[in-house]
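One structure is given below, encoded as structure tokens.
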Amino acid sequence: MFTGIIKNTGVINKISRDKNDCSLEILSRIKFSKHEIGSSISCSGVCLTLDKFSKKKIKFYLSKETLIKTNFKSCKIGDIINLEKSLKFGDRVSGHFVQGHVDTTCNVEKVNLVGKSWLINFKLPKKYRRFLVEKASVTINGVSLTISKITKNVFQIMAIPKTLKLTNLMYLKKNDLVNVEFDILAKYIKNYEK
């Protein structure tokens, strides 16, 4: 479980792929201890298990399912990854409860500058619209954000300067693929209504 409040990023340094899975090596300043091997780390919104670390290198294994469901299927060396350690009991929850279970991916439709903030539109298949509520939470690449507007096949968020500075959202451009996790409460409610 995570909060979606990102304070660290990393850069993909090495990718080892075969047809069924993938290993990633990420360079980051985030500090780990030996007892954290095997713990959950949010990597651009994807809950991955810390496999190994040494100095500034951290390593993760990605299954075929993870590659199919996330934007890691098209990742490349040099990509910036948002990183968040899992919550500890008693930690402050500033964002919202994020599981790291990506529901889908979608593309950036448009990015507009509004003052020093970015207004970002995302194209989303109509079947997922039921999980969105204006002024409610959504997770994009692991970042907890508030939905400012919803139209037929588009939802919009406002990214403030601090969020842009601390995350990989500042590199987004039209047609980029992002990981999306809908608010867990919306998913439970919609499942209950079936």
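Laboratory data are not the source of any read-out in this text; all were calculated from the coordinates shown. Being a predicted model, the structure only gives us computed values, none of them experimental.
If the segment from residue 113 to residue 11 were pulled out straight at 0.36 nm per residue, it would be longer than the present Cα-Cα gap by 34.2 nm.
Scaled against the 2.2 N^0.38 Å expected of a compact globular protein of N residues, the Cα radius of gyration of the chain reads 1.00. log10 I(q)/I(0), Debye, Cα-only region 90-194, no solvent, q = 0.13, 0.20 Å⁻¹? Here log10 of I(q) over I(0) equals -0.45, -1.06. D by Stokes-Einstein for region 26-96, Kirkwood Rh over Cα pairs, 10 °C, 1.306 mPa s: 120 µm²/s.
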